[in-house]
1. Six or more apart or on different chains, Cβ under 9 Å: which pairs go from a residue in the range 57-78 that's in contact (Cβ under 8 Å) with a residue 40 or more places away in the chain to one that's outside any helix (DSSP H, G or I) and open to solvent by less than 80 Å² (accessible area, probe 1.4 Å)? Could you list them?
2. Sort out which residues of the range 86-112 are without any contact (Cβ under 8 Å) to a residue 60 or more places away in the chain, in a helix (DSSP H, G or I) and hydrophobic (A, V, I, L, M, F, W, C), and write them in order of number.
3. Being without any contact (Cβ under 8 Å) to a residue 12 or more places away in the chain and not aromatic (F, W, Y): is that true of K31 here?
4. Of the residues in the range 86-96, how many are open to solvent by 50 Å² or more (accessible area, probe 1.4 Å) and in contact with a helix residue (DSSP H, G or I) (Cβ under 7 Å, 6 or more places away or on another chain)?
5. Would you check if Y106 is aromatic (F, W, Y), at pLDDT 95 or above and open to solvent by less than 80 Å² (accessible area, probe 1.4 Å)?
Amino acid sequence: METQPSKAARWTSYIMSGIVILFMLMDSIMKFVKPTEVIEGTLALGFKESHLVTMGSLGLISTLLYIYPRTAILGAVLLTGYFGGAMATHVRLDNPLFTHILFTGYLGIMMWGGLWLRNLKLRELFPVVK
């Protein structure tokens with residue numbers, strides 16, 4: 001039985017998780033900074049400008065929980081809900097499937113895939129059967 005993931009699996013997991021973390025940190029921070037493009041995009045999605053701080057806070061807290069190893073799974077669960085809300089918003093607006101609706105699905109796959117590659121207990125819970 002493995003006691004640690006391989007070096008390749010560990011580095012792949014860091015890259016996958018890093019992409020999600022960087023995207024979510026940028027997304028959350030921009031919701032606090034409120035550049036014109038973010039405000040216009042938020043309004044186009046049917047939200048009010050006043051929702052930006054709440055959405056930014058939820059995204060940032062979930063991402064910080066995902067970054068910290070002891071709370072990474074809780075952070076991933078919370079981010080999964082956040083991504084689901086984003087997907088539902090794009091479905092409601094009839095946005096394109098592969099570029100808009102599934103984008104957060106891609107992030108979710110990278111997020112959970114990164115965790116799965118470096119967390120042996122998660123691998124036991126969700127094994128890949130040959």
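The values are calculated or read from the model by the stated rules, or taken from the named source; none is laboratory data. None of the values given here were measured: they were computed from a predicted structure. Here Cβ is always computed from backbone atoms with ideal geometry, including for glycine, and neighbour counts include all displayed protein chains. Heavy atoms of the whole protein, side chains included, go into the accessibility calculation; ligands, DNA and RNA do not. Shrake-Rupley method; radii C 1.70, N 1.55, O 1.52, S 1.80 Å.
1. A72/N119; I73/N119
2. Selection gives A86, M87, A88, V91, L97, F98, I101, F103, I109, W112.
3. For K31, the condition - without any contact (Cβ under 8 Å) to a residue 12 or more places away in the chain and not aromatic (F, W, Y) - is not met.
4. 2
5. The answer is no for Y106.
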